[in-house]
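What follows is a single structure, written as structure tokens, with notes after it.
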Amino acid sequence: DVILKTIPERYVASVRKIIPAYDQEGMLWHTMMSETAEMSLQQAENCYSLAVFHDEEYKENDVDVEIQIAVKGNYTNTENVVFKTVPEIETASAIYKGSYEQITAVNHAVADWVRDNKYEFSGPMFCIYHVSPAQTSNQDDLVTEVCYPIKRK
């Protein structure tokens, strides 16, 4: 089921890089965790652990991906981690449970809903990881929300 949802403004720790492929996103999370380990980051109540996919279309390799987690407090940027405020954004989204193999079908469902309901895309697509591999090794327990920023046509 696709819903309209407003993601609130939030202060985030962010890492953005060109990575070899989508399934290499863990490299970015490793960078964030290693470069902020000494900072004792305070995650916001809803940390919005997410990945933003900045390429305008699907690519086989050299993908532009940014990861973010919402944090409380103020921190100094590191070599790869940038702290910034992200504005509120209106999205069309769908939550699914299970392996990431479903993500293509869910992407198509949300994108079709946007087109069929007189909206247009207004920014890069992103996924919120409600339950990620950091919390479980069982792919059946993963919970992912596919989000497309939108605006009325």
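Look through the stretch 84-140, keep the residues that are basic (Lys, Arg) and modelled with pLDDT of 95 or more, and return whichever of them is farthest from Ile69 (Cα to Cα). Don't jump to the end; show me each part of the working.
Quick first cut of the stretch 84-140, residues basic (Lys, Arg) only: 84, 97, 115, 118.
Next, only the ones that are modelled with pLDDT of 95 or more stay: 84, 97.
Working: Lys84: 11, Lys97: 21 Å.
Across the stretch 84-140, the extreme among qualifying residues is Lys97.
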Quiz item: Could we say that Thr85 is in contact with a helix residue (DSSP H, G or I) (Cβ under 9 Å, 6 or more places away or on another chain) and either without any contact (Cβ under 8 Å) to a residue 60 or more places away in the chain or surrounded by fewer than 16 Cβ atoms within 10 Å (Cβ to Cβ) (or both) here?
Solution: no
Quiz prompt | Filter result for Thr6 (polar (S, T, N, Q), more than 18 Å from Thr144 (Cα to Cα) and touching a residue at least 24 places away in the same chain (Cβ under 8 Å)) | solution = no
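Do any strands (runs of 3 or more DSSP E) entirely within the stretch 1-83 hold 2 or more residues that are touching a Leu at 6+ places or on another chain (Cβ under 8 Å) and modelled with pLDDT of 95 or more, and if so, which? Before you say what the answer is, go through the steps one by one.
Numbers: elements: 3-7, 10-19, 50-53, 63-72.
Here the list reads 10-19, 63-72.
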Quiz item: Restricting attention to the stretch 13-66, which residues are open to solvent by less than 70 Å² (accessible area, probe 1.4 Å), of a type in the set (Ser, Thr, Tyr) and either within 12 Å of the chain's Cα centre (by Cα) or under 22 Å from Ala111 (Cα atoms) (or both)?
Solution: Ser14, Tyr22, Tyr48, Ser49
Exercise. Show the residue pairs that are 6+ apart or on different chains and have beta-carbon atoms under 7 Å apart, the first residue being within the stretch 14-31 and without any contact (Cβ under 8 Å) to a residue 40 or more places away in the chain, the second being open to solvent by 70 Å² or more (accessible area, probe 1.4 Å).
Key: Leu28/Lys17
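What strands (runs of 3 or more DSSP E) completely inside the stretch 106-153 contain at least 1 residues that are crowded, with 20+ Cβ neighbours inside 10 Å and touching a residue at least 12 places away in the same chain (Cβ under 8 Å)? Write out each step before concluding.
Numbers: elements: 119-121, 126-131, 143-152.
Fully inside the stretch 106-153 and qualifying: 126-131, 143-152.
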Practice problem: Could you check Asn77 against (1) without any contact (Cβ under 8 Å) to a residue 24 or more places away in the chain; (2) in contact with a Pro (Cβ under 6 Å, 6 or more places away or on another chain); (3) polar (S, T, N, Q) and say which number it fails? | Solution: (2)
Practice problem: Assess whether Glu90 counts as being among the charged types (D, E, K, R), assigned to a loop (DSSP other than H, G, I, E, B), in contact (Cβ under 8 Å) with a residue 12 or more places away in the chain and more than 28 Å from Ser137 (Cβ to Cβ). | Solution: no
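The values are calculated or read from the model by the stated rules, or taken from the named source; none is laboratory data. Everything numeric in this text was worked out from a predicted model, so none of it was measured. Glycine also receives a Cβ, built like all others from the backbone with ideal geometry; neighbour counts cover every protein chain displayed. For the accessible areas, the whole protein counts, side chains as well, though only heavy atoms, and no ligand, DNA or RNA atoms are used. Shrake-Rupley method; radii C 1.70, N 1.55, O 1.52, S 1.80 Å.
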